[in-house]
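Only one structure is covered here, and it is reproduced in the block below.
The values are calculated or read from the model by the stated rules, or taken from the named source; none is laboratory data. On a predicted model such as this, the values are computed, not experimentally measured, just so you know. Glycine gets a Cβ as well: all are built from the backbone with ideal geometry, and neighbour counts include every protein chain shown. Accessible surface is based on the protein model in full, side chains and every heavy atom, while ligands, DNA and RNA are left aside. Shrake-Rupley method; radii C 1.70, N 1.55, O 1.52, S 1.80 Å.
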Amino acid sequence: MRILVIGSGGREHALVWKLVQSPKCKKIYCAPGNAGIAKLAECVPIKTDDITELISFAKKQKIDLTIVGPEFPLTLGIADDFQRNGLRIFGPSKRASALEASKAYAKQFMQKYGISTANYGTFTDSQEARAFVKSSGLPVVIKADGLAAGKGVIICKNEADANAAIDAMLKREEFGEAGRRIVIEEFLEGEEASFICISDGENVLPLASSQDHKAVYDNDQGPNTGGMGAYSPAPVVTDELKERIMKEIIKPAIAGMAAEGRPFIGFLYAGLMISNGVPRVLEFNVRMGDPETEPLLVRMRTDFIDLIEAALDGKLNKMEIRWDDAVSLCVIMSSRGYPGHYTNGIEILGIEEAEKVPGTVIFHSGTALKEGKLVTDGGRVLGVTALGASYAEAFGRAYEAAGKITWDGVHYRKDIGWRALK
Ligand code: AMP
Ligand code: GLY
């Protein structure tokens with residue numbers, strides 16, 4: 001098969017890495033890819049949201065299957081457009097992608113189908129939003145309705161902070177279109193987990209569990225990022241809890257989307273807050289997570305093309321996903337300043353030495369080649385991922401490898417996996 005992967009991050013590097021292991025994969029392209037992906041796939045300089053160009057490329061290269069990594073092209077309707085052009089693509093339709101594109105839609109959907117989530121209100125008027133905050137307890141969580149690259153969620157401990165967040169979104173429009181409508185919700189306590197599933201629109205299979213680390217600094221301090229590291233499985237998701245999540249959250253969501261005339265065919269990611277063994281949904285994403293994909297795919301034993309084809313053919317009920325017994329852990333190495341301002345183009349040293357650490361795969365999140373040298377090209381730069389017989393072993397390997405990599409301004413957390421190690 002001739003395959004096209006869309007995206008340029010660590011998630012897409014992991015997807016390509018996994019896809020090329022399939023005997024069915026004869027040729028693979030990635031648009032636009034990065035320097036790490038370029039070692040496994042032919043990278044083509046087409047932006048992820050240039051759907052017209054992607055369709056014409058897929059036709060010209062006779063692509064048999066396209067797999068979409070990030071949410072943005074999905075919310076633009078890339079799956080619908082490819083299908084209209086007779087091209088096979090895996091990812092939810094524009095209408096199904098509303099689960100991530102609009103938090104107000106997702107909340108209302110969850111309410112309608114009895115899926116447990118924080119109490120909330122939706123607002124476009126700042127006076128009404130302020131009144132809601134006054135009448136609800138603190139802290140509150142204020143969210144831009146639309147896509148905001150992981151920056152649209154503000155946790156407010158007091159009323160003044162909440163009013164400032166409301167004004168930033170609704171009055172000053174600092175979040176643009178995404179923040180013209182906001183969701184204000186109850187603050188939930190507990191432990192987070194990422195629960196990612198694959199669905200054919202009717203049947204749904206869970207992947208292994210994982211846990212992300214959103215804050216930029218150790219001990220979960222500092223601003224939230226796209227994710228500073230992840231591991232799989234997450235011990236907080238026991239077998240019993242997994243069954244409960246499938247029964248109370250995932251299956252009702254898939255059935256609900258079908259009932260809404262928006263069948264969900266793709267990866268459904270539930271970001272969960274687990275408190276005293278009770279799971280509640282913080283958000284839905286309509287794609288795999290990054291960095292969760294990296295530790296997940298190094299553990300997956302099932303052929304990825306078989307899995308995607310089963311989903312596209314509506315046959316996930318006949319499929320089983322097999323996993324390595326080993327656990328895995330991924331440490332994100334990032335640019336100084338991320339998630340704020342940072343500088344690109346800084347030479348990265350030591351990757352070859354790091355790759356020699358047993359059980360380790362180094363996925364590139366934001367790298368490029370400049371005059372033959374590997375340089376930084378993004379806030380998140382590398383995802384150093386290791387397998388181990390125990391969390392301690394995976395942790396030791398990932399950090400041994402990370403310790404061999406240097407550049408001017410490298411930053412990474414030193415405590416990825418602390419909950420599992422405890
Ligand atoms: P979201 O994009 O909705 O997942 O929000 C990003 C992060 O904000 C989550 O991973 C949580 O750490 C935090 N968060 C979001 N909603 C809530 C909530 N209702 N209670 C507590 N923390 C939340
Ligand atoms: N790691 C969080 C996300 O992919 O949304």
Mind checking which residues of the stretch 216-236 are open to solvent by less than 10 Å² (accessible area, probe 1.4 Å) and among the hydrophobic types (A, V, I, L, M, F, W, C)? 216, 228, 230, 234
Within the stretch 159-201, which residues are open to solvent by 10 Å² or more (accessible area, probe 1.4 Å) and within 16 Å of ligand 2 (Cβ to nearest atom)? 178, 191, 192
Examine the stretch 312-332 for a residue that is within 16 Å of ligand 1 (Cβ to nearest atom) and either among the small types (Gly, Ala, Ser) or within 30 Å of residue 396 (Cα to Cα) (or both), and state whether such a residue exists. yes
Which members of the stretch 1-49 meet the condition of being in a loop (DSSP other than H, G, I, E, B), of a type in the set (Gly, Ala, Ser) and either under 21 Å from the mean Cα position of the chain (by Cα) or surrounded by 24 or more Cβ atoms within 10 Å (Cβ to Cβ) (or both)? 8, 9, 33, 35, 36, 41
Return a yes/no flag: does the stretch 354-366 have any residue that is among the acidic types (Asp, Glu), surrounded by fewer than 16 Cβ atoms within 10 Å (Cβ to Cβ) and on the phi > 0 side of the Ramachandran plot. no
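Determine if the stretch 205-213 includes at least one residue that is at positive phi, within 15 Å of ligand 2 (Cβ to nearest atom) and of a type in the set (Asp, Glu).
We begin by selecting, within the stretch 205-213, every residue at positive phi; these are none.
No, that holds for no residue.
So that you can scan it fast, the table gives a plain yes or no per residue for (1) within 17 Å of residue 287 (Cα to Cα); (2) in contact with a helix residue (DSSP H, G or I) (Cβ under 6 Å, 6 or more places away or on another chain); (3) more than 16 Å from ligand 1 (Cβ to nearest atom):
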{"site": "75", "(1), (2), (3)": "yes, yes, no"}
{"site": "103", "(1), (2), (3)": "yes, no, no"}
{"site": "108", "(1), (2), (3)": "no, no, no"}
{"site": "116", "(1), (2), (3)": "no, no, no"}
{"site": "124", "(1), (2), (3)": "no, no, yes"}
{"site": "127", "(1), (2), (3)": "no, no, yes"}
{"site": "131", "(1), (2), (3)": "no, no, yes"}
Can you list residue pairs whose Cβ atoms sit under 7 Å apart, with the first residue in the stretch 127-153 being closer than 23 Å to residue 105 by Cβ and more than 16 Å from ligand 2 (Cβ to nearest atom) and the second being assigned to a loop (DSSP other than H, G, I, E, B) and of a type in the set (D, E, K, R)? Count only pairs 6 or more apart in sequence or on different chains. 145/181
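For the stretch 125-135, indicate whether the set of residues that are basic (Lys, Arg) and surrounded by fewer than 17 Cβ atoms within 10 Å (Cβ to Cβ) is non-empty.
yes
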Taking the condition touching a strand residue (DSSP E or B) at 6+ places or on another chain (Cβ under 9 Å), under 30 Å from residue 190 (Cβ atoms) and part of a helix (DSSP H, G or I), does residue 295 pass? yes
Kindly evaluate residue 299 against the criterion of being modelled with pLDDT of 95 or more, of a type outside the set (A, V, I, L, M, F, W, C), within 14 Å of ligand 2 (Cβ to nearest atom) and within 23 Å of residue 365 (Cα to Cα). no
If residue 38 passes every condition in (1) in contact with a strand residue (DSSP E or B) (Cβ under 6 Å, 6 or more places away or on another chain); (2) among the aliphatic types (A, V, I, L, M); (3) farther than 29 Å from residue 258 by Cβ but one, which one does it miss? (1)
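Each row is one residue, and each column tells you yes or no for (1) in contact with a strand residue (DSSP E or B) (Cβ under 9 Å, 6 or more places away or on another chain); (2) closer than 13 Å to residue 402 by Cβ; (3) of a type in the set (Val, Ile, Thr).
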site: 338; (1), (2), (3): yes, no, no
site: 343; (1), (2), (3): yes, no, yes
site: 366; (1), (2), (3): yes, no, no
site: 371; (1), (2), (3): no, no, no
site: 377; (1), (2), (3): yes, no, no
Which one is nearest to the chain's Cα centre (by Cα), of the residues in the stretch 50-105 that are open to solvent by 50 Å² or more (accessible area, probe 1.4 Å) and touching a residue at least 60 places away in the same chain (Cβ under 8 Å)? 72
Of everything in the stretch 248-288 that's of a type in the set (A, V, I, L, M, F, W, C) and in a loop (DSSP other than H, G, I, E, B), which residue is farthest from ligand 1 (Cβ to nearest atom)? 264
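Can we say residue 102 is farther than 23 Å from residue 190 by Cβ and either in contact with a Phe, Trp or Tyr (Cβ under 8 Å, 6 or more places away or on another chain) or of a type outside the set (Asp, Glu) (or both)? I'd like the intermediate steps shown before the answer.
Working: farther than 23 Å from residue 190 by Cβ: yes; either in contact with a Phe, Trp or Tyr (Cβ under 8 Å, 6 or more places away or on another chain) or of a type outside the set (Asp, Glu) (or both): yes.
Yes.
For the stretch 226-245, does any single residue satisfy the condition of being in a helix (DSSP H, G or I) and either modelled with pLDDT under 95 or within 16 Å of ligand 2 (Cβ to nearest atom) (or both)?
Within the stretch 226-245, the subset in a helix (DSSP H, G or I) is 239-245.
Imposing the further condition that a residue be either modelled with pLDDT under 95 or within 16 Å of ligand 2 (Cβ to nearest atom) (or both) reduces the set to none.
Taking every residue of the stretch 226-245 in turn, none turns out to be in a helix (DSSP H, G or I) and either modelled with pLDDT under 95 or within 16 Å of ligand 2 (Cβ to nearest atom) (or both).
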